[in-house]
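Student: Structure below; questions to follow.
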Amino acid sequence: MNFTYPPLPLEAWEDSKITLHLYLQIVGKIMLDMNVRKNHWWHMTFKFTDRGLTTGPVPYSEGYFTILFDLVNHQLRITTSTNGTVAFALHDGLSVAFFHDKLFASLHSLNINPTIVGVPFDHPCKEPFDVCTTHHHYDKKYIQRYWEVLRHIAYVFEKFSGEFSGKVSPVQLYWHHMDLAVARFNGNEAPAMPETARISDRDAYSHEVISAGFWAGDEQVRGAAFYSYTYPSPDGLEKEPVSPAEAAWDMSSGSPMAVLMYDDLIRYENTDAILLDFLRSTYRAGAKLAGWPVKQLEYTPPA
């Protein structure tokens, strides 16, 4: 798949990114309320279509419904298994409050009645969704650019995922931090977290995992970046070599996280190969020190 990664400077679309993130949180909380529960919170993540990000089929009293962020035509579209359809435009000036009210009115018109905690989760914005008029930016050019970048990174992540024969997550977008992620598991339980830990963390990290992902930047990391970490983190991980040369271990969270800035990646011509090197080298580093059966977990296609 041919793709040239474009610049994605955070400062150019940060207001739009925050608004889109809050839209995603609202819909994500609907999945959290109505979907069948899965391990590691996989029931509340966004998946990919050819046009944008989707909830996939969510059960309700009359069958199933799907919510799609169409990031090509810039619409929010709801469809149901009983042939119901409602759509409205995503555009600059559409506040989080108006999006919230329009979404719930559309759902109610289809006899879909979710209940959510109507405040952002672990987000700098603390305004309840239904009164949040601070965030109303939607730059179609940059949101479409983000979508094009995201869908191609998802393609590379799928290739990486296909090299593993053990339990592996879908390639999915978490609305918590708005990060695209793929995770590999070796099947072993992780040490139990204390009861004071958040339930989200206790479930996400119930088993040993090596996770990789991409996020577009935030208030701490002022640029798009790729990451990889191992949980539980083995001793000495931060000393392991990773590729490419620009990738480095970051210790700001208290345990090693490998980081490759997006701007460093796109300076290369063979970007997909370099990104795969980052994913493979960070996985090998964690798997080796954590004692994973690396050869046993490799997937070799039949001849």
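Student: Being free of Cβ contacts under 8 Å to residues at least 40 places away in the same chain, open to solvent by 70 Å² or more (accessible area, probe 1.4 Å) and touching a helix residue (DSSP H, G or I) at 6+ places or on another chain (Cβ under 9 Å) is true for just one of VAL86, VAL58, VAL119, VAL131. Which residue is that?
Tutor: VAL131
Student: Also: Looking at the range 92-107, which of its residues are outside any helix (DSSP H, G or I) and either modelled with pLDDT under 95 or open to solvent by 10 Å² or more (accessible area, probe 1.4 Å) (or both)?
Tutor: Taking the range 92-107 and keeping what is outside any helix (DSSP H, G or I), we get 92-95.
ASP92, GLY93, SER95, listed by residue number.
Student: Among (1) in contact (Cβ under 8 Å) with a residue 24 or more places away in the chain; (2) farther than 24 Å from LEU22 by Cβ, which single condition is PRO170 missing?
Tutor: The failed condition is (2).
Student: Please find, within the range 6-34, the residue that is farthest from the chain's Cα centre (by Cα) out of those that are closer than 16 Å to LYS102 by Cα and of a type in the set (Ser, Thr, Tyr).
Tutor: The selected residue is THR19.
Student: Then there's this: When the residues of the range 201-215 are narrowed to those that are at pLDDT below 90 and of a type outside the set (Gly, Ala, Ser), which ends up farthest from ALA181 (Cα to Cα)? Step through it out loud before you land on a result.
Tutor: To start, the set of residues in the range 201-215 that are at pLDDT below 90 comprises 201-206.
Retained after the next criterion (residues that are of a type outside the set (Gly, Ala, Ser)): 201-203, 205.
Working: ASP201: 15, ARG202: 18, ASP203: 16, TYR205: 14 Å.
Going through the qualifying residues, I end up with ARG202.
Student: Output the residues belonging to the range 248-288 that are at pLDDT 95 or above, among the hydrophobic types (A, V, I, L, M, F, W, C) and open to solvent by 10 Å² or more (accessible area, probe 1.4 Å).
Tutor: Result: ALA248, TRP249, MET257, VAL259, MET261, ILE266, ALA273, ILE274, LEU276.
Student: Sticking with this structure for a sec: What tally of residues in the range 1-32 results from selecting those that are more than 14 Å from TRP175 (Cα to Cα), open to solvent by 30 Å² or more (accessible area, probe 1.4 Å) and in a helix (DSSP H, G or I)?
Tutor: Step one: list which residues in the range 1-32 are more than 14 Å from TRP175 (Cα to Cα), which gives 1-16.
If we keep only those that are open to solvent by 30 Å² or more (accessible area, probe 1.4 Å) as well, we get 1-4, 7, 9, 11-12, 14-15.
Next, only the ones that are in a helix (DSSP H, G or I) stay: 11-12, 14-15.
So the answer is 4.
Student: Shifting gears a bit: When you look at LEU150, is it open to solvent by less than 10 Å² (accessible area, probe 1.4 Å) and part of a loop (DSSP other than H, G, I, E, B), yes or no? Give the derivation first.
Tutor: Working: open to solvent by less than 10 Å² (accessible area, probe 1.4 Å): yes; part of a loop (DSSP other than H, G, I, E, B): no.
When the stated conditions are applied, LEU150 does not pass them.
Student: On to the next question. Return the only residue of ALA212, ALA225 being surrounded by 17 or more Cβ atoms within 10 Å (Cβ to Cβ), under 19 Å from ASP272 (Cα atoms) and without any contact (Cβ under 8 Å) to a residue 40 or more places away in the chain. Give the derivation first.
Tutor: Numbers: ALA212 fails: without any contact (Cβ under 8 Å) to a residue 40 or more places away in the chain.
The match here is ALA225.
Student: Taking the range 155-200 as the region of interest, how many residues are in a loop (DSSP other than H, G, I, E, B) and either at pLDDT 95 or above or in contact with a strand residue (DSSP E or B) (Cβ under 9 Å, 6 or more places away or on another chain) (or both)? Talk me through it step by step, then tell me what you get.
Tutor: As a first pass, look at the range 155-200 and keep what is in a loop (DSSP other than H, G, I, E, B): 162-163, 165-167, 169-171, 175-178, 190-198.
Imposing the further condition that a residue be either at pLDDT 95 or above or in contact with a strand residue (DSSP E or B) (Cβ under 9 Å, 6 or more places away or on another chain) (or both) reduces the set to 162-163, 165-167, 169-171, 175, 177-178, 190.
Matching residues across the range 155-200 total 12.
The values are calculated or read from the model by the stated rules, or taken from the named source; none is laboratory data. Bear in mind the structure is a predicted one, so any value in this text is a computation, not a measurement. With ideal geometry, Cβ positions are generated from the backbone for all residues, glycine too; neighbour counts draw on all protein chains shown. Quick note on the areas: whole protein, heavy atoms, side chains included, nothing else; ligands and nucleic acids left out. Shrake-Rupley method; radii C 1.70, N 1.55, O 1.52, S 1.80 Å.
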